[in-house]
1. List pairs: first in the stretch 17-40 and in a loop (DSSP other than H, G, I, E, B) and surrounded by 13 or more Cβ atoms within 10 Å (Cβ to Cβ), second at pLDDT 85 or above and of a type in the set (Val, Ile, Thr), Cβ under 8 Å, 6+ apart or cross-chain?
2. Would you check if Asp71 is in contact with a Lys or Arg (Cβ under 7 Å, 6 or more places away or on another chain) and either at pLDDT below 85 or of a type outside the set (Val, Ile, Thr) (or both)?
Amino acid sequence: MPGRADDDATGSAFDARANAWRKSGRCQETCCVEVARHPDGIAVRDSKQGNASPVLVISRAAFRALRRLPDQTDPRR
């Protein structure tokens, strides 16, 4: 079913339509992600595909590390 993804090895389902998705503040015109809270971490999806997008769930620690990357590599910072 579109908008649902198995989120872990237990096979529990994550309903992407029922979550408050937030668009990244660092979006570019053709490249953007949305994030939502998830019981097992942070859910990430492609904003262009919306509810039809596959959902990737990563740990909160991994998400914090990912958020620091642009600050370390962006020449504007």
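1. From the stretch 17-40, the pairs are Trp21/Val35; Ser24/Val33; Ser24/Val35; Asp40/Val57.
2. Details: in contact with a Lys or Arg (Cβ under 7 Å, 6 or more places away or on another chain): yes; either at pLDDT below 85 or of a type outside the set (Val, Ile, Thr) (or both): yes.
Yes; evaluated as a whole, the condition is true for this residue.
The values are calculated or read from the model by the stated rules, or taken from the named source; none is laboratory data. From a predicted model like this one, the values you see are computed outputs, not experimental measurements. Counting neighbours? That spans all protein chains shown, and the Cβs are built from the backbone with ideal geometry, glycine included.
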